[in-house]
Amino acid sequence: MNVESLAERLGRRTTRRGREHYYPDASDADWNDWRWQFRHRVTTLEELARFLPIPAAEWAARSQVLSDFRMGITPYYLSLIDADDPNDPLLRQVVPLAEENLYRAVGDEDPLGEEKFSPVPGITHRYPDRVLMVLSNNCAIYCRYCTRKRTMYDGASADVEIDRMVDYIARTPSVRDVVVSGGDPLNFATAKLDSILSKLRAIPHLEIIRIGTRVPVALPQRIDDELCEMLARHHPLWINVHYNHPNELTPDAARACDKLSRAGVPLNNQAVLLKGVNDDVATIKALCHGLMKMRVRPYYLYQCDPVRGAEHFRTPIAKGIEIIEGLRGHTSGLAIPTYVIDAPGGGGKIPVQPDYLLHYDREKGRALLRNYQGKLYEYLEPRAANASPNDVLVPAAPPAASGPVALAGSNKKRVEAASAGAPSSNGNGHAAGATGNGTPAGNGQASGNGSSASNGRNGAAPVVGKSKWVHRGSTRAERAARTKKRDK
Ligand SMILES: *Cc1c(COP(=O)(O)O)cnc(C)c1O
Ligand code: SF4
């Protein structure tokens, strides 16, 4: 794919324009040299004020939060920010703002309890088969909402500490997956990272290595041939990138991801849901579509952690659900991340999604589902896990009148709302015949004509949607009893 045209097709600002605005004197050689980018990171308010306006009244508040958590913005990332927009979504991610000061004391140092689950410094072992390994305190950019702010003060892990982490994995055979994450592992010199990965690879029970990085977002120049060749020697190796906004999907970013993909590294994206940055369906959809074009699979959408100083970034959970609801069915399934809440205190990632299963009667083997358009469908489970050849098939009787389906309280409203908007005909005609021929609008009834919502399995000749054949015998319990009798 022509990467140059990607940003244009997405209608995004290109790096070049921004670069000319902010760094008119930088040579191509410098600009494309990741070391130059790294050295020229903006780390003080004075420097920042050369590029972006800082209201006089905000200096004190902003320097206060800067003393809490450092700033680092690569010239490349800065060049993507619109200097005239104080609410620019990239600016908000990396520039200390007065809002942050407002909530300076709100939130936790270590919201995920990573220290509590740490058998040796740098390792968090929360799940039985995989561990998180944090090698450094160094990132290309510092994200104001970072959940690991607390670690960004200590020096990078010394070699002996890294060896201790590797040793922990080596003597813990249950670990088959390691996530090497931020501080950013790709900030290490290639040879150094090579030696760490080699040590990990030498552990026989370690199946896969994952790297979590924001370098392809903030410093894509770092993804050079030498790095990719090195990474390719440590397969199976996966990389999780961290794009939050479509404005970050530039030609340089696309080139970096393309290089990694060609090195055989599968790329997945972990975005964080951030108020004022990406908290609407259109933005996340554009992000996910752009990622797909770069052959990056949206993996997680994280609810923002309650970390100190990030209160202004947090959204209600309903926002995340609304976004997923706006994606499912409306775009490629591959473009839809799993929305997760990392449980405070260390419960791990918990997936949250809209309720599509409105009612599920396990005993009767019946489920009421709604699709992305709010239409209702009934799904009937297999007659029984213990169905026997004696469960002969008989032709179905003519359709019987349907009755209401019992709904759990919280789902009832949703069904009513969904029914109200549902078209009058939605039969899908597939053999299992889960749906009826018409959903009565607005009355909260779940199924239409011909569906066996209320009487299907209690009567002698149940009627199931449009299917011609049904099993004799109404409930799973009865069938089980029959089977038992026969086996005696
Ligand atoms: C996120 C995380 C992992 C990896 O979780 P997956 O769901 O497998 O991606 C492992 N350990 C810790 C401590 C984590 O926070
Ligand atoms: S790149 Fe990751 S680890 Fe580094 S500051 Fe941003 S969120 Fe935190």
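The values are calculated or read from the model by the stated rules, or taken from the named source; none is laboratory data. In this text the structure is predicted, and so the values were computed from the model without any measurement. Cβ atoms come from the backbone with ideal geometry, glycine included; neighbour counts cover every protein chain shown. Calculation scope for accessible area: heavy atoms of the full protein, side chains included, ligands and nucleic acids excluded. Shrake-Rupley method; radii C 1.70, N 1.55, O 1.52, S 1.80 Å.
What the table below lists for this structure:
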| quantity | calculated |
| --- | --- |
| Probe 1.4 Å - accessible area at SER174, Å² to nearest ten | 60 |
| Estimated inter-spin distance, LYS199 and LYS319, nm [label 7 Å along Cα→Cβ] | 4.0 |
| Amide H contacts under 5 Å for VAL307, placed H, 5+ residues apart | ASP108 |
| Exceeding the 24 Å Cα-Cα cut-off - candidates LYS116/LYS149; LYS192/LYS259; LYS259/LYS293; LYS293/LYS349 | LYS293/LYS349 |
| ARG150 accessible area, assembled protein chains, probe 1.4 Å, Å² | 40 |
| Kirkwood Rh, angstrom, segment 48-95 [1 / mean 1/r, Cα pairs] | 11.4 |
| Projected label distance in nm at GLU47 and ASP129, using a 7 Å step from Cα toward the beta-carbon | 4.4 |
| Chain lengthening between ARG328 and ALA56 when straightened (0.36 nm per residue, less Cα-Cα) | 93.4 nm |
| Added length on full extension, which subtracts the Cα-Cα distance from 0.36 nm per residue, ASP224 to ARG362 | 44.2 nm |
| Heavy-atom accessible surface of segment 26-170: percent carbon and sulfur, 1.4 Å | 52 |
| Linear extension gain, LYS116 paired with HIS289, 0.36 nm per residue minus alpha-carbon span | 58.5 nm |
| Approximate spin-label separation ASN371-ASN32, in nm, with each point projected 7 Å along Cα-to-Cβ | 5.0 |
| Prolate/oblate/rounded label for segment 262-308 (Cα gyration tensor, a/c 1.5) | oblate |
| Residues whose placed amide H lies under 5 Å from that of ASN138, excluding near-sequence neighbours | GLY183, ASP184 |
| Cα convex hull of segment 115-351, projected area averaged across orientations, nm² | 12.0 |
| 1.4 Å probe accessible area per residue over segment 278-338, in Å² | 37 |
| Accessible area per residue in Å² at 1.4 Å probe, computed on segment 3-102 | 48 |
| Whole-number accessible area per residue in Å² for segment 163-230, which is evaluated in the context of all protein chains at 1.4 Å | 33 |
| Accessible-area composition of segment 190-307, carbon plus sulfur, in percent [1.4 Å probe] | 54 |
| Cα-derived Rg to Rh of segment 3-102, Kirkwood definition | 0.99 |
| FRET efficiency estimate (nearest 0.05) - Cβ-Cβ, ASP280 to GLU381, R0 41 angstrom | 0.65 |
